[in-house]
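Visitor: The structure's right below; bear with me while I get my questions together.
Bear in mind these aren't lab numbers, they're just calculated from the coordinates by the rules spelled out. As the structure is a prediction and not an experimental result, all values here were calculated from the model. Using ideal geometry, Cβ is built from the backbone for each residue, glycine included, and neighbour counts are taken over all protein chains shown.
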Amino acid sequence: MVLYLISMETKIFDLKKDSKRILFIIIAALLMAVNIKTFVQAGNLLPGGATGLTLLIQRIFKLFFDLDIPYSPINILLNAVPAFIGFKFIGKKFTIYSCLMILLVGLFADMIPAYTITDDVLLVSVFGGIINGAAISICLSVESTSGGTDFIAIYMSEKKHVDSWNFVLGINAVILSVAGLLFGWDKALYSIIFQYASTQMIHILFQHYQKETLLIVTKQPELVCGIIDSMCHHGATIIKAEGSHEHKETSIVYSVVGKDQYISIVRAIKREEPNAFINTIDTESLTGRFFQKKTE
């Protein structure tokens, strides 16, 4: 059914590429569900986003009504609006695969029995957050997400050309503060540690929306600009300069590229122009025209 929807929306189904995406999504969903049933539930944590709200609602029903309600229906309902945002503003294929991820996490979470690995809440918070971030990063690497606030993060990143995961961390901190009022501050604060570890893991593993500024001193600026354009479709600015030591004319090529691209670009430039002097600078924000591959 999912493959049928994909082919209807895009008219193209790449068997090798899309099979790989589905495999990675299954792995990520299983990893996230295992994390929920071990680290998250063992520490009584709330991981933030739609997943955290789902667990919060489950605990409210258990505490006040003594009812065990399933994970999947609540999680699907909470993801309805973010999924609509993804479908309309990010990409249809991206949203369909993200919905597959949401369904699989719910299915696995309902099937997998709870198991306590450790009772140390700090260890649970740190390592549970790391595993959660790794699962989300696997999804993002194949252009899908685990739903909820991740849809918002991707939407903001594509609109503003900045990495917005720390902003989402702030939203989740507010949600967890509300949980702290209901269930006690110790678990809420540990949940914020969990969310922080998850966010930092995403920063390390997924660098698509992070930017690097390249300043390249070279005597072959046209060659360098050609390499940048051919590898990532970004333009560059050539600045005429003079070396202070030899007082010979040279050029500085200025360009901004994705952090996930710059290592391969630098290697290609050094291979073709070994004498080039290259300085890379982390770019915090960017305005103006910048080529970003559209999410399917």
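Visitor: Past 23 Å, Cα to Cα, is the threshold; run K92/K211; K20/K270; K16/K270; K37/K187; K16/K93 against it and keep the listed order. Could you put the intermediate results ahead of the total?
Guide: Values: K92/K211 25 Å; K20/K270 33 Å; K16/K270 33 Å; K37/K187 16 Å; K16/K93 15 Å.
Beyond 23 Å: K92/K211; K20/K270; K16/K270.
Visitor: Using a 10 Å cut-off around each Cβ, can you sort S141, S72 from fewest to most neighbouring Cβ atoms?
Guide: Values: S141 15, S72 18.
So the ranking, lowest neighbour count to highest, is S141, S72.
Visitor: Of the listed values (1) 0.98; (2) 1.07; (3) 1.04, identify the label whose number matches Rg/Rh (Cα atoms, Kirkwood Rh) calculated from this model.
Guide: Derived directly from the coordinates: (2).
Visitor: Give a residue-ordered list of calculated ³J(HN,Hα) values for the stretch 255-264 (Karplus: 6.51 cos²θ - 1.76 cosθ + 1.60, θ = phi - 60°; whole Hz; x for Gly, Pro).
Guide: Taking θ as phi minus 60°, the curve returns 7, 10, 10, x, 5, 7, 10, 5, 5, 5 Hz for the stretch 255-264.
Visitor: What list of ³J(HN,Hα) couplings, whole Hz, do you get for the stretch 54-60 from phi and the Karplus terms 6.51, -1.76, 1.60, once you set θ to phi - 60° and write x for glycine and proline?
Guide: Going residue by residue, I get 4, 5, 4, 5, 4, 6, 5 Hz, with x marking Gly and Pro.
Visitor: Ranked by Cβ crowding within 10 angstrom, fewest neighbours first, how are T54, T38, T118 ordered? Don't skip to the answer; put the middle values down first.
Guide: Values: T54 28, T38 21, T118 13.
Result, fewest neighbours first: T118, T38, T54.
Visitor: Here is a further query. For the stretch 267-279, in order, what is each residue's ³J(HN,Hα) by Karplus, 6.51 cos²θ - 1.76 cosθ + 1.60 with θ = phi - 60°, in whole Hz (x at glycine and Pro)?
Guide: 4, 5, 5, 5, 5, 8, 9, x, 8, 5, 9, 10, 10
Visitor: Something else about it: If amide hydrogens are placed 1.01 Å from N in the peptide plane, which non-local residues have theirs closer than 5 Å to the one on T250?
Guide: Counting only residues 5 or more places away or on other chains, the set is A241, E242, G243.
Visitor: Pull up all non-local amide H partners of K259: gap of 5 or more, or a different chain, and H-to-H distance under 5 Å with H placed in the peptide plane.
Guide: Hits under the 5 Å cutoff: Q210, K211, E212.
Visitor: Also, I was wondering about something else. Please report how far the C-alpha centroid of the stretch 47-73 lies from that of the stretch 207-268, rounded to the nearest whole angstrom.
Guide: The two parts, judged by their Cα centres, are 51 Å apart.
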